[in-house]
Amino acid sequence: MSPYPISITQLRLLSSFNGFAVNITDCLTIHSDEIFYAYDDKALKYSVCTNSIPSELLLNQEYFTIKNDSKKNIIFWSIDGKFITKSKMQKCDCAIFDENTFCLVEFKTDSEGKSTETKEDIINHAQAQIITTYKLIEEKIKAKGVDLLDKVTIEGHICLSKRYPRKTSEEMSLQALFAEKNKFGLFFDGIKEF
C-alpha cells in the first residue's frame, strides 16, 4: 500500500513526473486542518501553504484560503519556482487538490504599479499560466494511462489582490468564455471549500 493518499496515487503523479529536475515529492505537502492558506512567499520565490497568514498579506487579502471542514487530506503542490524552476514556460503557482477536485492557482497580487499591464492583461496572462500547467499535467499523466478529467474536476483560480477593482460582470464573462474554451471552471474568489 502506498504511503501517499489516493489523491496522488489515482493520478499517478509520482511516476508521471519521475525524472524531472526536481523530485515532485519535495514539492508536495499534505494538510488536514480545517482551514489553511496558500500564498506566494516573496523571500522563497515560490508558493507555500501554512496555518496562518503573514500580516503583510492581510490588508489586501493576498492569499488563497482553503476550507476543509471534514479535515481530510488535501495536497498542496508548489509548482512555479519550486517544482519547475528554470523553465521559461508559463506555469501557475501551485495546485491544491483532493481525490475529487484539482485546483490550479495563480497569484496576481503584486503586479499593480509595477508595469503598464491592465487588469485584463494580468488576468489573460494568469489564464494562460493555468492552461499551460493543466496541459503539462494532463499530458504527463495521460502517458501513464490516466485521463485527468475522468478522475477529478479541474478548477482554475486566479487570486487577485483586493487592490484591483472588482468587476463582477466582467469576471463572469471571463469565466463563461474560459469554461467554454477549456472545459473547466475559472474562479476569482480566493477561497476553496473541500
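The values are calculated or read from the model by the stated rules, or taken from the named source; none is laboratory data. What you are looking at is a predicted structure, and each value in this text was computed from that prediction instead of being measured. Positions of Cβ are generated from backbone atoms using ideal geometry, with glycine treated the same way; all protein chains shown enter the neighbour counts.
Data table
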quantity	calculated
Unmet requirement for residue 172, which otherwise passes all of (1) free of Cβ contacts under 8 Å to residues at least 40 places away in the same chain; (2) more than 29 Å from residue 20 (Cα to Cα); (3) surrounded by 13 or more Cβ atoms within 10 Å (Cβ to Cβ)	(3)
Set 72, 82: member being crowded, with 19+ Cβ neighbours inside 10 Å, in contact (Cβ under 8 Å) with a residue 12 or more places away in the chain, in contact with a Phe, Trp or Tyr (Cβ under 9 Å, 6 or more places away or on another chain) and assigned to a loop (DSSP other than H, G, I, E, B)	82
Filter result for residue 65 (of a type in the set (Val, Ile, Thr), within 26 Å of residue 186 (Cβ to Cβ) and in contact with a Ser or Thr (Cβ under 7 Å, 6 or more places away or on another chain))	no
Any hit, segment 90-113, residues being surrounded by fewer than 14 Cβ atoms within 10 Å (Cβ to Cβ) and over 25 Å from residue 194 (Cα atoms)	yes
Checklist (1) surrounded by fewer than 15 Cβ atoms within 10 Å (Cβ to Cβ); (2) of a type in the set (D, E, K, R); (3) touching a Lys or Arg at 6+ places or on another chain (Cβ under 6 Å) applied to residue 12, failing item	(1)
Residues located in segment 103-120, provided they are modelled with pLDDT under 90 and acidic (Asp, Glu)	110, 112, 117, 120
Subset of segment 49-65 that is assigned to a strand (DSSP E or B) and in contact with a Gly (Cβ under 7 Å, 6 or more places away or on another chain) - its residue that is surrounded by the fewest Cβ atoms within 10 Å (Cβ to Cβ)	65
Within segment 152-163, considering residues that are at pLDDT 80 or above and of a type outside the set (Ser, Thr, Tyr), the one farthest from residue 102 (Cα to Cα)	160
Residues of segment 164-182 classified as touching a helix residue (DSSP H, G or I) at 6+ places or on another chain (Cβ under 7 Å) and either assigned to a helix (DSSP H, G or I) or modelled with pLDDT of 85 or more (or both), total	3
Residue check for residue 189: within 30 Å of residue 33 (Cα to Cα), surrounded by fewer than 12 Cβ atoms within 10 Å (Cβ to Cβ) and of a type outside the set (Gly, Ala, Ser)	no
Failed criterion for residue 27 (all others in (1) surrounded by 14 or more Cβ atoms within 10 Å (Cβ to Cβ); (2) without any contact (Cβ under 8 Å) to a residue 12 or more places away in the chain; (3) of a type outside the set (Gly, Ala, Ser) hold)	(2)
Tally, over segment 137-163, of residues that are surrounded by fewer than 15 Cβ atoms within 10 Å (Cβ to Cβ), in contact (Cβ under 8 Å) with a residue 12 or more places away in the chain and not in a helix (DSSP H, G or I)	6
Criterion: modelled with pLDDT of 95 or more and polar (S, T, N, Q) - qualifying residue of 60, 68, 23	68
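Rundown of residues vs (1) within 18 Å of the chain's Cα centre (by Cα); (2) modelled with pLDDT under 95; (3) assigned to a helix (DSSP H, G or I), yes/no style:
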position: 8; (1), (2), (3): yes, yes, yes
position: 18; (1), (2), (3): no, yes, no
position: 29; (1), (2), (3): yes, no, no
position: 37; (1), (2), (3): yes, no, no
position: 47; (1), (2), (3): yes, no, no
